[in-house]
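See below for the structure under consideration.
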Amino acid sequence: MTLENIQSDLDETVEQQPVQEMAAQEEQPIQEAVQAPQIKDTITVQPDAPNQRTFADLNLSPDMLAAVTEMGFTTPSPIQAEAIPPILAGRDVIGQAQTGTGKTAAFGIPALELVDPSDRSVQVLILCPTRELALQVTEEMRKLSQFKRGVFIEAIYGGDSIERQIRSLKKGVHIVVGTPGRVMDHMERNTLKLDNAKMIVLDEADEMLDMGFREDIESILEDFPTERQTVLFSATMSKPILSITQRFQQNPVLVKVVKKELTNTNIEQVFFEVKPRAKTEVMCRLIDLYDLKLMLVFCNTKRKVEEIVEEMMVRGYQAEGLHGDLRQAQRNNVMSKFRSGVTTILVATDVAARGIDVDNVDAVINYDVPLDEEYYVHRIGRTGRAGKSGRAFSLVSRDEKYRFRDIQNYTKVRVEKGVIPSFEDIVGIRKARFIEQLADDIRTSKDLHLYEDMLTQLHHEGFSTDTIVSALMKRSMGIEKNEFSDQDLNAEDRRNGKFDKNDRFEDRRGGDRGGRFEDRRGGDRGGRFEDRRGGDRGDSRGGRFEDRRGGDRSFGPRDGGDGRKGYFTKDNERVPREREANMTRLSVSIGRRDYVRPGDIVGAIAGESGIPGSSIGSIDIFDKHTFVDVPNDVANRVVTAMDGNNIKGRRVNVEVAR
C-alpha cells in the first residue's frame, strides 16, 4: 500500500456525520469533516490479522514479561504489537482503535518501562474522560507493575477526597491517572508538580473532547514540559483531535486498527419491535426466558434511568441506576453492588457507563435505541468478554426502526428480529424451573421433617393437598397476570391504520414524550406541572398529572390508584392511607421539598436492608416527611439498615411512625 493510499484512507476516516443531540443534558460528540494532517509514519493493521510477535519480541524487561504472563496474556493484541515499540523508542504516537482492543496495556507497558523508580516525582500523566475509566486504568497499571518494585501509581478524580489525594501526592508518585478537571485543580493548587514529567497520555481523547474538556486538556498540555512524549488514543479522528495532534505532537506515528466488523461475533444480537409502554414488560419476559443473572440496561436519558429502576424494583428485581447526577460515593456503591452480584440489573446512560468493566455480564439490553451508532458498539461490547458468549437485545419502538436500521448499516451486521415471548411461555418456563429446584431440594434437604406437621394442620383446616401445593407454588413463584398478559406487545405499523391510542404521543426518535409537556429532546422540560429543578411541585389537584408509569403515589387518584382506600377526606384534606394488614408504618425525614420520589424510597430501603422492593407497601410523600409501610417482620431491620444513610443526598432518620 502506498503512502498516498494510506493518507487517502486516513482522510476518509475523519469524514464523519454529525450525531443527534443527546437528551437530558448529556453531551454528544460532534464530528466534523476535516483535512487530515500530513502524518509521515502510518501503520494500518487488521484486528484479526495473524500476529507472529510475542511480548518477548518487544524488548520488555523481565519484570514486565512476568507481569503479562501472570495476567494471562500470551501474545500482544494488534494495537499493542504496533504501538509499544515506537512509544518505547520515545516517539509521539496516535493510536486509533476501538474500545476493548487492549489500549491500556499499549500505553501502560511502555510508560512503566520508562519510569525511574528512584525518582519520586511525577513522570507520567494519564488523562481519562471519566472517574470509572481512571480507576480502571489505575487498576490495570498496578497489575502491570506488580513485579516492578518501588513504582507508585495514584488516581485523582472529582468526587474523591482531595485532601487524601494531596497527602498521597506529597508522599511521591511516579504515575498519575486522572480526569482533566481534577488534574487542573491540583495544578492550580501546586499539589501536582509536572516539572520532571516525561510523558503525557490522552486515553479516549475523543470522549474527553466530547464531554467539554478541550480547554482543560489544552491548558494542561501547554503547562507540560516542552521536552516530553505525547501519546494519544482515540476511537475516531475528528477535527478537534487532529487539531491537538498538530499543535502538541512532533512527527507522530499513527497506529490504526481497522475493524472489518464493529461488533463481536460471539454476541448474539436480536431486536424486538415493541410498543413503547410495553418495553419493561418485554424486558422482564426476556430475563425469565433466558434466566439472565447479570445484565446492563441502556437508555438515553437520566429521567428514563430512574423510571426503569423504579419499575423493576416494584416488580421485585434488584436494580440500580447510574447517571451523571450521582455523587462519587453513590456511584462507587452502585458499582460495588453490581460487581458483587447484589444488584443484578444496572440501568445506565451512555456517558455514565464510560469505564464500566465488569466480567460475566449475561446480556445488554438497549431499552432505548442509541442516538449514535458508535454508542451501540460500546454498549454491546460490555457482554461476551474474554471469549465468552453474550447477548444483546434491542427494544425497538415503531419510530426507532429507521435509526436501528442505520446502526445495522454502520456495524455491517444484520440483526435478527426476535419473537416476544408470550405470558403463557413465561409461566411454563418458570413452572419448569420451579419444579426442578423443588425436586433438587427434596433430594438434598435433610430437615424436611420439621415442616411435615404444617401439612396436617392445613388438612385440619379443610384444605386438600392439591390446593395446599398450588397455593404454596403461587406464593413462591409470584406469577400474576398484569395489563400486558393478554395483549400483543409488538409495535404496530401506523401505515396500516392500527396503533395503540396510548402510544400516540410517542417521540418519533424513540423516547416517550409523555404528552405535550415534555422536552422534544427526550427529557422532561420541568414545565407547567413540574418544578424546573426536577422535583414534583406537589399539585393539590389530586394527581391529575401523575406519571402513569409509577409516579408519586402520594398524588394518585382518590382510590389510591390500586383499589385501596384513598387518603383524601370529604373536605379534601390529605391524610395518610389506612395501614395494610401485617405492615408497620415508618416515618422517613425527607419529603416533597427534597424532591424525593417513590423510587428513591424503594431503592434506598431495598438496597440497604436487602428486602425485595415488591414487599414495600404504601408510600405517602408529604412536604417534609414520608410514610412508608413495610412488613412487620422486617421493620426493625429496615430501621437499623437505614440508620445514618442518605436519600437524594440528604441524611435521613427512619423510625416507626407514632
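Cα centroid separation, the stretch 579-658 to the stretch 314-385: 25 Å. Does the stretch 424-477 come out rounded, prolate or oblate, given a ≥ b ≥ c as the square roots of the eigenvalues of its C-alpha gyration tensor, rounded meaning a/c under 1.5 and, failing that, prolate meaning a/b above b/c? Since a/c reaches 1.5 but b/c is at least a/b, the shape of the stretch 424-477 is classed as oblate. Oblate is the label for the stretch 45-257, because a/c, from the alpha-carbon gyration tensor with a ≥ b ≥ c as root eigenvalues, is 1.5 or above and a/b does not exceed b/c. Phi angles across the stretch 600-614 convert, under the Karplus curve 6.51 cos²θ - 1.76 cosθ + 1.60 with θ = phi - 60°, into 3J(HN,Hα) values of 5, 5, 4, x, 5, 5, 5, x, 7, 9, x, 7, x, x, 5 Hz, Gly and Pro given as x.
Given their separation in residues at 0.36 nm each and the Cα-Cα distance between them, ASP643 and ASP406 gain 80.3 nm when the chain is fully extended.
Summarising the label geometry, the points placed 7 Å from Cα in the beta-carbon direction at GLN457 and ALA471 lie 1.2 nm from one another. Placing pseudo-labels 7 Å out from each Cα toward the beta carbon at SER340 and HIS449 gives an inter-label distance of 3.8 nm. Across the stretch 621-648, the residues whose backbone nitrogen lies under 11 Å from the label position 7 Å along the beta-carbon direction of SER589 are 644-645. Its relative contact order, with pairs defined as Cα atoms under 8 Å and 6+ residues apart, puts the stretch 309-436 at 18 percent. Model label sites at LYS388 and ARG658, defined 7 Å from Cα along the beta-carbon direction, differ in position by 5.2 nm. 3J(HN,Hα) along the stretch 339-346: 5, 7, x, 5, 9, 9, 10, 10 Hz, from the Karplus curve 6.51 cos²θ - 1.76 cosθ + 1.60 with θ = phi - 60°, whole Hz, x for Gly and Pro.
Set the bar at 31 Å for Cα to Cα. Now go through LYS193/LYS304; LYS302/LYS401; LYS337/LYS431; LYS103/LYS417; LYS170/LYS256 and name every pair that lies beyond it. Distance filter (> 31 Å) returns LYS193/LYS304; LYS103/LYS417; LYS170/LYS256. Taking every C-alpha pair closer than 8 Å and separated by at least 6 residues, the mean separation divided by the residue count of the stretch 45-257 gives a relative contact order of 28 percent.
FRET efficiency for the pair ARG433 and GLU227, taken as 1/(1 + (r/R0)^6) with r the Cβ-Cβ distance and R0 = 56 Å, rounds to 0.30.
Fewest-first ordering of SER145, SER219 by other beta carbons within 10 Å of each residue's beta carbon gives SER219, SER145. Residues of the stretch 270-308 with an amide N closer than 17 Å to a point placed 7 Å from the Cα of ASP325 along the Cα-to-Cβ direction: 299-308. Among SER61, SER118, SER161, SER615, the order by Cβ neighbours within 10 angstrom, fewest to most, reads SER118, SER161, SER61, SER615. Relative contact order of the stretch 251-393: 34 percent, from C-alpha pairs under 8 Å at least 6 residues apart in sequence. In terms of other Cβ atoms within 10 Å, ILE619, ILE43 run from fewest to most in the order ILE43, ILE619. Is the stretch 267-420 best put as rounded, prolate or oblate by its Cα gyration tensor, with a ≥ b ≥ c the root eigenvalues, rounded for a/c under 1.5, and otherwise prolate when a/b is larger than b/c, oblate when not? Here the stretch 267-420 falls in the rounded category. Size descriptor for the stretch 78-128, Kirkwood hydrodynamic radius: 11.8 Å (Cα pairs only, one decimal).
Rule-based calculations on the coordinates, nothing more; no lab input. As the structure is a computational prediction, the values presented were derived from the model and not from experiment. Reconstructed Cβ throughout: ideal geometry from the backbone, glycine too, with neighbour counts over all protein chains shown.
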